[in-house]
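Let me begin by presenting the structure, written as structure tokens, before commenting on it.
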Amino acid sequence: MSSETWYSAKLRFVVMVEPVGGNTLNDCIYLFKAVDFPAAFQRAIAIGESAQKEYRNEEGQCVLWRFKEVISLDIIRANNLDGAEIYSEPIHLKKEEIIPFETQFRPSTSKPLQTI
């Protein structure tokens, strides 16, 4: 029996609001175990399909979260998931947004949002 490995999948959903349609994308990252990459892909598909939802917003419009695609599927190589990196994305700044080399940062003053 082969052992399972941890994977992360970045799944994209389109948020559709009647009558306009989809004007918002929502990317979600899920952690799960699978025996190999093909099984992990199938698990990511199943997670995305089960995460679809439908509800009425405050204006009474129908809102649909529809699973669009698997953006990434990665093996988590850490032996211990405590503190393991599960997502990394380079963000290229425009010329006018470049941060000067001597800039000092204070991450302890961050005010993180909760997204779920």
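Every number in this text was worked out from the coordinates using simple rules, so none of it is lab data. Keep in mind the model is a prediction, meaning the values are calculated, not measured. Positions of Cβ are generated from backbone atoms using ideal geometry, with glycine treated the same way; all protein chains shown enter the neighbour counts.
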| message | Test of understanding: ordering E54, E89 by Cβ neighbours within 10 Å, fewest first, what list do you get? | response | E89, E54
| message | On a full-extension model of 0.36 nm per residue, what is the gain between K33 and V70, subtracting their alpha-carbon distance, rounded to one decimal in nm? | response | 11.7 nm
| Using Cα pairs under 8 angstrom and six or more residues apart, how large is the relative contact order of the chain, in percent? | 29
| query | Which chymotrypsin sites (Phe, Trp or Tyr not before Pro) in the stretch 9-116 pass both tests, a DSSP loop state and at most 14 other beta-carbon atoms within 10 Å? | reply | Y87, F101, F105
| field | Least to most buried among C28, C62 (fewest other Cβ within 10 Å first) | value | C62, C28
| Gain upon complete extension [E85, V14; 0.36 nm per residue less C-alpha separation] | 23.0 nm
| Tell me, what ³J(HN,Hα) does each residue in the stretch 68-85 have, in order and in whole Hz, if you take phi through Karplus 6.51 cos²θ - 1.76 cosθ + 1.60 with θ = phi - 60° and put x for Gly and Pro? | 9, 6, 8, 7, 8, 9, 10, 7, 8, 8, 5, 6, 10, 6, 5, x, 6, 6
| field | Cα Rg, Dmax (largest Cα-Cα span) when computed across the stretch 1-48, Å | value | 14.4, 51
| task | Quote the FRET efficiency, to the nearest 0.05, computed for E54 versus K95 with a Förster distance R0 of 41 Å and r equal to the Cβ-Cβ distance. | result | 0.45
| request: At most 15 other Cβ atoms within 10 Å and a DSSP loop assignment: could you name the trypsin sites (Lys or Arg not before Pro) in the stretch 26-116 that fit? | output: R77, K94
| request: Provide the per-residue ³J(HN,Hα) series for the stretch 98-107, in order, calculated from phi with Karplus coefficients 6.51, -1.76, 1.60 and θ = phi - 60°, each as a whole number of Hz, with x at glycine and proline positions. | output: 4, 8, x, 4, 7, 4, 9, 10, 10, x
| Taking the alpha-carbon centroid of each part, what is the distance from the stretch 28-49 to the stretch 73-116 in angstrom? | 24
